[in-house]
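The structure under discussion appears below in the form of structure tokens.
The values are calculated or read from the model by the stated rules, or taken from the named source; none is laboratory data. These numbers were taken from a predicted model, which means no experiment stands behind them. Cβ placement follows ideal geometry from the backbone for every residue including glycine, while neighbour counts extend to all protein chains displayed. Heads up: the accessible areas ignore ligands, DNA and RNA and are worked out on the full protein's heavy atoms, side chains in. Shrake-Rupley method; radii C 1.70, N 1.55, O 1.52, S 1.80 Å.
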Amino acid sequence: MQARMTNPAYILSGAGKGIGTLLQAIGEGGLDQELAEIVGLRASQINGCGACVHGHAGNLRKAGVSEERIDAVSAWREAPWFTDAERAALQLTEAMTRLADRSHESVPDALWDEVADHFDEKELSALILTIAVINMFNRINTTIKEPAGTTWG
């Protein structure tokens, strides 16, 4: 499989700079990197972004995360390997990613309260922006048919 075109963030240099600035700001939020990769993997699974699924799973492996934990991200509700904080973050990820599937408000107050119980305001800001950015990357990559195994940077 070959991409339809070069990633737009590389073609429009201002886009790449803006994304870099946003990623740097997210990094200042203090969100655990493993959790950021887990929510990135889950959003990418939902959106069918092979390039991002491959990338996040690979990053988790490099960080020493077990195969059973990585494999279970798609079925996190039924798996014992996730903390309450991770479960809240994964539920928020699904709510923010599945906007078109909703029959109620995107993030109900009960979910917001649960997530806010586990993360301070900076971490929560980083989590929300992480989920939003991975959804953007998923949409770009699925549109241009970016193949799994692509490396960036």
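Of note:
- Count of the stretch 111-152 residues which are open to solvent by less than 30 Å² (accessible area, probe 1.4 Å), within 16 Å of Leu99 (Cβ to Cβ) and more than 17 Å from the chain's Cα centre (by Cα): 1
- Scanning the stretch 36-78 for residues that are hydrophobic (A, V, I, L, M, F, W, C), more than 17 Å from Gly149 (Cβ to Cβ) and buried (at least 22 other Cβ atoms within 10 Å of the Cβ) yields Ala36, Ile38, Val39, Ala43, Val73.
- Looking across the stretch 79-108, the residues that are charged (D, E, K, R) and either surrounded by 16 or more Cβ atoms within 10 Å (Cβ to Cβ) or under 13 Å from Ala36 (Cα atoms) (or both) come down to Glu86, Arg87, Glu94.
- Residues in the stretch 106-131 that are part of a helix (DSSP H, G or I) and over 25 Å from Cys49 (Cβ atoms): Asp109, Ala110, Trp112, Asp113, Glu114, Ala116, Asp117, His118, Glu121, Lys122.
- Cβ pairs under 9 Å, 6+ apart, first in the stretch 5-34 and more than 13 Å from Leu124 (Cα to Cα) and open to solvent by 40 Å² or more (accessible area, probe 1.4 Å), second of a type in the set (Asp, Glu) and outside any loop (DSSP other than H, G, I, E, B): Glu34/Glu86
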